[in-house]
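Q: One structure is given below, represented as structure tokens, and several questions about it will come after.
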Amino acid sequence: MGKTILITGASSGFGRLTAETLQDSGHKVFAGFRSTDAAKKQVADELREKNIEILKLDVTDQGSVDSAIAQLLEKSNNELDVVVNNAGMASAGISEAFTPEQIRQLFEVNVFGVQRVLRATLPVLRAKRRGLVINVGSILGRITLPFFGLYGASKYAVEAMSDSYRYELSQLGVDVVLVQPSAYPTNMYAAAQQSADEELRKTYGEVAEVPDKILKTFVTLFQGENGPNPQDVATAIDKIVSTPAGSRPDRVVVGLPFGSDAVNKAVAPIQRGVIENLGLGDLTKLKTS
């Protein structure tokens, strides 16, 4: 049976592919766009031709989020089953050279944006005592690469948020799954936030050139014969949606793990032990009825 699904950041990359994949799987998809102007208008029109509903949804603006969810519920007759928090922005460079204002912008999208969307949608899922939240994190929420630490910090935050929400919602029938993509050729890298303090960056000398070298390594990886396909992430999300409630994994690594899968495996029993030792073991099991 098809589900009603909201996807944020659906105008490109993982978001667009996921919207199209889920629509093809028989679901009713609402695609959130921060803007439908200029080049995004063509994308929006193309998705509408596939019967995907377009919502103007800026995760950094509470009014925009609330308005978009109100429109969704009106068009869907108050139906909502799955929320995919995909909207995000990347950041790469000398950490010290990023201004506090830049980091605030990064967290506004990657962390506070998730919170805004969940506060607007969870009342609907909780009222129905069923539903699914899929947060798109990153392997950099488990392992750390130099020059990507600030971006990783935002994704580490999503790790903690996802775990906490999973426990808190488990007895209300709402599941939470975290998807951890590896590096993929999407426009996220082209649009990555760059450090604003150029003079400070130069004081790092040759070290300041390393971020560009890392990005070039990724490009080489992307262009190889066996380069990663962003469709992998959309396919993984589609599989999570179709998996019966109570059988879904807490986390799904997609692509080259760079050790993040080993971290997941090592941390899981420790985390579970902490919760059980607090007498909260029931919160680790989704209540499905």
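Q: Please go through segment 86-100 and pick out each residue that is in contact with a Phe, Trp or Tyr (Cβ under 7 Å, 6 or more places away or on another chain), polar (S, T, N, Q) and assigned to a loop (DSSP other than H, G, I, E, B).
A: If the condition is that a residue be in contact with a Phe, Trp or Tyr (Cβ under 7 Å, 6 or more places away or on another chain), polar (S, T, N, Q) and assigned to a loop (DSSP other than H, G, I, E, B), then Asn86 is the only one that fits.
Q: Moving on to the next point. State which residue pairs qualify: first residue without any contact (Cβ under 8 Å) to a residue 40 or more places away in the chain and inside segment 271-289, second residue not basic (Lys, Arg) in any location, beta carbons under 7 Å apart, and separation of 6 or more residues or different chains.
A: Pairs found: Arg272/Thr284; Gly281/Ile275.
Q: To continue, here is another question. Only one of Val253, Val274, Val219, Val233 is modelled with pLDDT under 95 and among the hydrophobic types (A, V, I, L, M, F, W, C); which?
A: It is Val219.
Q: Among what's in segment 135-177 and is over 15 Å from the mean Cα position of the chain (by Cα) and aromatic (Phe, Trp, Tyr), pick the residue that is surrounded by the most Cβ atoms within 10 Å (Cβ to Cβ).
A: My answer is Phe148.
Q: Of Lys265, Lys287, Lys239, which residue is at pLDDT 95 or above and touching a helix residue (DSSP H, G or I) at 6+ places or on another chain (Cβ under 8 Å)?
A: Lys287
Q: List pairs: first residue in segment 183-202 and farther than 24 Å from Arg142 by Cβ, second residue surrounded by fewer than 16 Cβ atoms within 10 Å (Cβ to Cβ) anywhere in the structure, Cβ distance under 6 angstrom, at least six positions apart or on different chains.
A: Every condition considered, the pairs that remain are Ala196/Thr99.
Q: Further, regarding this structure: Which condition does Glu74 not pass, out of (1) modelled with pLDDT under 95; (2) surrounded by fewer than 16 Cβ atoms within 10 Å (Cβ to Cβ), if it passes all the others?
A: Here Glu74 clears every test but (1).
Q: With Tyr151, Tyr156 as the choices, which residue is touching a helix residue (DSSP H, G or I) at 6+ places or on another chain (Cβ under 6 Å) and within 18 Å of Ser91 (Cβ to Cβ)?
A: Tyr156
The values are calculated or read from the model by the stated rules, or taken from the named source; none is laboratory data. These numbers were taken from a predicted model, which means no experiment stands behind them. Glycine also receives a Cβ, built like all others from the backbone with ideal geometry; neighbour counts cover every protein chain displayed.
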